[in-house]
Every structure is written in structure tokens, then in C-alpha cells.
Amino acid sequence: MQYRHAPAANHAALDAVLASAPGRPTLPVRLTVELAGRARVHLPADAPLTVWDPCCGAGATLTVLGLLVPGLARLVGTDADPGPLDLARRNLALLDPGGLTARAADLEALAARHDKPSYAEAATAVRTLVPASTPAWSVTLADARDTVAVRSALAGAGPYGTGPDLVLADLPHGHRTTWAASPTRPGGAAGTTAPDAGSVRAAAADDQDPGVEFLRAVATALRPDAVVVAVGRGRTVPLPGGARSLERVRVGHRAAVLVRAGALQEG
């Protein structure tokens, strides 16, 4: 993948300031910024954005966006696992006025207490950071497939309360995540004529993919013109049958897809 929106940079200061949750991989900083830039091409120019991460974990993705991407009005993090959410709040608090200064002071205190130069070096790195955005933020316990909980978490989000503009999600995979029961899908009434056997087989395969079910559920909380960026491991990120992507990219062992929420709702 060619980076068009995220030039190469030394992000050692971010490594010093961000708290991580054991066993939860995070997106590389440069990839996070690049995907946000690509998504923004498909959204109204210069409009303040609300971003939702439906599996936010320790909030690293949202915090990176706030620190490095201008024009963000609100960040919303939800996760089905309560474990890392205190870390998410701690990370996102870095975006508040004085947040980075307080973190640097904590690191300097640790350096003095334990006589570790690494803490002092980290404090110096943190003091070089200036957030590109100063968004409002919230973190809520909510399963992305629980429509009621998600809509409560997103209440008032986006311009005029119409919901997030952008979703950026590193999809749960393997045994790491369990989800609530599958949401009811529109258009599934008996007696609907199938277009052809091949399409039916493809749609059935898509429907069995847990990532597809996750994306369908996320889309129910969005307006049709919102952009969903989903990142997965492997060669591609599957979409519901018939859903057309805006763009697909691949870097290393990760793949990403950009898609309109409306395409997920129709697929």
C-alpha cells in the first residue's frame, strides 16, 4: 500500500504516553492515520468529524486520531469487554486540556522515585506532543451487536445528532471476542426470489462470517452516508453479499476495507 495521508514519522512519544491492554493488539500509528485520511476523502470536506470505534479496547486508535488528525469534533469508544475501558479513559484523557502535561509530570515523578532515565526520556517525549484536535470523547460498555446499548452510547453524536461520520474498527477475530445474539435483518421474509444459485451461495458464505455480522450490526446505528473502515487479519475483509466497497487496501498481514454504511445496510 502506498501511504498518501500519513508520511513516515518517529512516533516514539506516542509509545511513551499510551497505555496498552495486554493481549490486545493495536493498529500501527501510521496505518491508523492513513485510513482516517482515506476515509475523509469520502466525507464532506472540512466538516468536523465524529469517529466511533465499536471495539475500542484501551482506546489507542481513538487517542492516536485525536493526537495526530485535525478536525475531529467527537470520539466515541465502545467495547463489549469492560476490562480495558479504564485504560481507554486514561488514554483519551490525554486529549483534555493539561492531559499531556499531567502525564509528563507523572513520568518525571517516576524517574525521580526509581532513578530510571527512561522515564525522564519518556516525559521529554510527551512534552513534544501537541494534539491536532481537542475533541469531546466518551467511553461506554456496549456490545456492538446490542442495538439499544449502542444507540444509547452514540446519543447526540455527529452533526445535529445524526450519528458518527466515520467508524474505524480493528475487527475482533478468533476466540478473543464473544457477541450478543444476531440482530434481526430486514428483507429476510420467506418467499423472496433468489437471483441465482451462485449469488445465494456467496451470500450464505458471507452471512456465516462473524466479521460480516459485526459490520451489519454496526451499520444499523449509522446514517447511510457514514463511512466504515474495517481492518482485519488476512488477505481481505469480507462484506455482505452485494455490498460494494469504496476502497480496499492491504499492508503486511492486515487488510482494510472502506465502505458506506448504506451499502452494509443493503447488503
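The values are calculated or read from the model by the stated rules, or taken from the named source; none is laboratory data. What you see is a predicted model; the values in this text were computed from it and never measured. Don't worry about glycine lacking a Cβ; one is built from the backbone with ideal geometry, like all the others, and counts go over all protein chains shown. Each accessible area value is taken on the protein alone, full model and side chains, heavy atoms only, with ligands, DNA and RNA left out. Shrake-Rupley method; radii C 1.70, N 1.55, O 1.52, S 1.80 Å.
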> What number of residues within region 5-52 are surrounded by fewer than 21 Cβ atoms within 10 Å (Cβ to Cβ), part of a loop (DSSP other than H, G, I, E, B) and of a type in the set (A, V, I, L, M, F, W, C)?
Replying inline: 10
> Taking the stated definitions as given, is Arg113 over 25 Å from Gly232 (Cα atoms) and open to solvent by 70 Å² or more (accessible area, probe 1.4 Å)?
Replying inline: yes
> Of all residues in region 92-103, how many are part of a loop (DSSP other than H, G, I, E, B) and in contact with a helix residue (DSSP H, G or I) (Cβ under 7 Å, 6 or more places away or on another chain)?
Replying inline: 0
>> Can you pull out every residue in region 53-65 that is over 18 Å from Ala9 (Cβ atoms) and either touching a helix residue (DSSP H, G or I) at 6+ places or on another chain (Cβ under 7 Å) or open to solvent by less than 20 Å² (accessible area, probe 1.4 Å) (or both)?
In response: Asp53, Pro54, Cys56, Gly57, Ala58, Gly59, Leu62
> Do we have Arg89 as open to solvent by 20 Å² or more (accessible area, probe 1.4 Å), touching a strand residue (DSSP E or B) at 6+ places or on another chain (Cβ under 7 Å) and in a helix (DSSP H, G or I) here?
Replying inline: yes
>> Condition first: without any contact (Cβ under 8 Å) to a residue 24 or more places away in the chain and under 16 Å from the mean Cα position of the chain (by Cα). Now tell me which residues in region 1-27 satisfy that.
In response: none
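Rundown of residues vs (1) at pLDDT below 90; (2) of a type in the set (S, T, N, Q); (3) surrounded by 16 or more Cβ atoms within 10 Å (Cβ to Cβ), yes/no style:
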residue	(1), (2), (3)
Thr193	yes, yes, no
Asp196	yes, no, no
Arg201	yes, no, no
Asp209	yes, no, no
Ala230	no, no, yes
Leu239	no, no, yes
Ala243	no, no, yes
>> Which count do you get for residues in region 245-267 that are open to solvent by less than 10 Å² (accessible area, probe 1.4 Å) and touching a Leu at 6+ places or on another chain (Cβ under 7 Å)?
In response: 6
> Across region 119-153, what is the number of residues that are open to solvent by less than 50 Å² (accessible area, probe 1.4 Å), assigned to a strand (DSSP E or B) and touching a Leu at 6+ places or on another chain (Cβ under 7 Å)?
Replying inline: 1
>> Of the residues Gly83, Gly57, Gly66, Gly77, only one is in a helix (DSSP H, G or I) and not polar (S, T, N, Q); which?
In response: Gly66
>> Quick check on my filter: what residues within region 227-245 are assigned to a loop (DSSP other than H, G, I, E, B), over 9 Å from Ala263 (Cβ atoms) and out of contact with any Asp or Glu (no Cβ under 7 Å at 6 or more places or on another chain)?
In response: Gly234, Arg235, Thr236, Val237
> Quick check, is Pro44 more than 24 Å from Met1 (Cα to Cα), modelled with pLDDT under 95, more than 12 Å from the chain's Cα centre (by Cα) and not polar (S, T, N, Q)?
Replying inline: yes
>> Within region 70-78, does at least one residue satisfy the condition of being of a type in the set (Lys, Arg), under 14 Å from the mean Cα position of the chain (by Cα), open to solvent by 20 Å² or more (accessible area, probe 1.4 Å) and within 22 Å of Ser152 (Cα to Cα)?
In response: yes
>> Being open to solvent by 30 Å² or more (accessible area, probe 1.4 Å) and either in a loop (DSSP other than H, G, I, E, B) or not small (Gly, Ala, Ser) (or both) is the filter here; which residues of region 154-166 pass it?
In response: Ala155, Gly156, Pro159, Tyr160, Thr162
